[in-house]
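Just below is one structure, and these are the notes that go with it.
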Amino acid sequence: MHTTLLSIAAAVALAFAGAAQAQSTTTGAQDQKPSVDRKARKAEEDRINAEYKADKAKCKDMKGNQKEACEADAKGKEKVAKAELKAKHDPTPANQRKVEEAKAEHQYKVAKEKCDAQKGKEESACEKDAKAQYDKAKADIKQKHASDSAGRKSATGSTASTTK
């Protein structure tokens, strides 16, 4: 009887030890993943910053409007890359929208700087065209994401009826 009781106690102890080991192993694995992601994200951020500095350095020898357009392009590329990185690590519709908005803004700012090289009516027409393209891009993004959110509402069963 003493042997049976000892065997049962040993089995219970091993069962608890196994459960505790499984729990600590799972927790350890979860702790490792974010640090790897954090390191990869930091490396990507460093790469983006290095590319921005390299692109900006290319502008150093330029003069006037050409330099301003080059710097606007470098800054725009950096903003787009950072938005893409955020969307890559947190792929929400809001982050996807921010990527599209950053791209549209980048194109607009570079186009506007290039327009400054022109004079008079050509400059004015160029700026109006750049602004029109930017406004169209923003409207397209807004419409695309409005239809995405409407699709999500219908998929979740939400009803937002505007008819009376």
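Structural remarks
- Ala160 being assigned to a loop (DSSP other than H, G, I, E, B), at pLDDT below 65 and either of a type in the set (A, V, I, L, M) or surrounded by 12 or more Cβ atoms within 10 Å (Cβ to Cβ) (or both): yes
- Residue that is over 15 Å from the mean Cα position of the chain (by Cα) and either of a type in the set (Phe, Trp, Tyr) or open to solvent by less than 50 Å² (accessible area, probe 1.4 Å) (or both), where the choices are Asp55, Asp61: Asp55
- Residue match in the range 69-77 (condition: at negative phi, of a type in the set (Asp, Glu) and either surrounded by 13 or more Cβ atoms within 10 Å (Cβ to Cβ) or modelled with pLDDT of 85 or more (or both)): yes
- Scanning the range 52-92 for residues that are closer than 28 Å to Gln118 by Cα and not in a helix (DSSP H, G or I) returns Cys59, Lys60, Asp61, Met62, Lys63.
- Consider the range 98-138 and keep the residues that are surrounded by fewer than 14 Cβ atoms within 10 Å (Cβ to Cβ) and among the hydrophobic types (A, V, I, L, M, F, W, C). The one that is nearest to Glu68 (Cα to Cα) is Ala125.
- Selection of the range 78-97 for residues being crowded, with 19+ Cβ neighbours inside 10 Å and of a type in the set (Asp, Glu) yields only Glu78.
The values are calculated or read from the model by the stated rules, or taken from the named source; none is laboratory data. As the structure is a prediction and not an experimental result, all values here were calculated from the model. Don't worry about glycine lacking a Cβ; one is built from the backbone with ideal geometry, like all the others, and counts go over all protein chains shown. When the accessible area is computed, the model is the full protein with side chains, heavy atoms only, and any ligands, DNA or RNA have been set aside. Shrake-Rupley method; radii C 1.70, N 1.55, O 1.52, S 1.80 Å.
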